[in-house]
């Protein structure tokens, strides 16, 4: 719980980028590609200010979040871009990046800090989490998937006691039960939490289903190898009544947030199609009968 709270209130906290064993890994050459892309980006955006989480999301179609974060850190250390760590009320800090020649940046920085403070407030992030669960529960129900459990720690006569985690939902259809984790967050689900939820599904006899705004390909592959599915919906979903604020955040910060009334049919259809393809094929009506 504490880790999740920190994740939502400190938008620059990147658990995968700062894992203890990160320094022991060989340096990924993709970091250099990301650095070059970021240098070109700041050359073209010399009059703008950005924060770390924002940039990892803006570049997520090409680079993992932790690659972009490492590339930014190295560029700043080398003097190619300027970095400033500012307080983020009520707790935490935010790292702002800009071209080195951008002198009058503080007003822009303050505007960013005010926006991030507003959508990082604990009451707002709680609302975002509840909104994602509510919208996807309704969307899955419309596709014929029944909710047979919420905040699940036990299923099929088995109990999970290794950690204090739970699974957001259990969805069932066609005799198949899925343990679902719904993450309506800008960053990836933290790696340690991701691993725990997969272990929970194995222990409880559920197929893993991760419903997330975004996930790295390595996570998606891990879930696939366990017979599960990762449904990526790309836009963070703001609570009802927050469309104007979502529009402002999206336009000012260029990050994918929205306030829809419902989940688009095509989003859940992707999972439903995959689910149906994995069902056993019914035997032919005349299978095993002698042909005349």
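Where a number appears in this text, it was derived from the coordinates with a stated rule and is not lab data. Please read these numbers as outputs of a predicted model, since none were measured by experiment. In this analysis, Cβ positions are derived from the backbone assuming ideal geometry, glycine residues included, and neighbour counts consider all displayed protein chains.
Structural remarks
- Here residue 62 and residue 254 are evaluated by their C-beta separation; at R0 = 22 Å the FRET efficiency comes out at 0.90.
- Ellipticity at 222 nm from helices only: DSSP H runs of n ≥ 4 in the chain, each -39500 (n - 2.57), divided by the residue count, give -13500 deg cm²/dmol.
- Peptides 96-102, 177-183 ordered by packing proxy, namely the average of other Cβ atoms within 10 Å per residue, highest first: 177-183, 96-102.
- Label assignment, Cα extents along the principal axes in Å derived from the structure, set (1) 86, 44, 41; (2) 95, 53, 42; (3) 64, 50, 32: (1)
- Cα gyration tensor shape for the stretch 157-208, rounded if a/c is under 1.5, else prolate or oblate: oblate
- Centroid-to-centroid, using Cα positions, the stretch 97-118 and the stretch 155-192 are 38 Å apart.
- The relative contact order of the stretch 33-119 comes to 35 percent, based on Cα pairs under 8 Å that sit 6 or more residues apart.
- Angle between the chain longest axis and helix 106-120 axis [Cα atoms, degrees, rounded to 10]: 30 degrees
- Global form of the stretch 70-201, assessed from the alpha-carbon gyration tensor, a/c cut-off 1.5: prolate
- Packing, taken as the mean count of other beta carbons within 10 Å per residue, orders the peptides 45-57, 248-260 from highest to lowest as 45-57, 248-260.
- Ranked by the mean number of other Cβ atoms within 10 Å of their residues, highest first, the peptides 233-240, 114-121, 205-212 fall in the order 205-212, 233-240, 114-121.
- Cα-based equivalent ellipsoid, the stretch 123-278: semi-axes from gyration tensor eigenvalues, Å: 26, 17, 15
- Result for the chain in a Gaussian network model with C-alpha springs under 10 Å: among 109, 44, 246, the largest mean-square fluctuation is at 44.
- The stretch 138-224: C-alpha gyration tensor shape, a/c 1.5 cut-off, then a/b vs b/c: oblate
- The chain, relative contact order in percent, only Cα pairs under 8 angstrom and at least six apart counted: 14 percent
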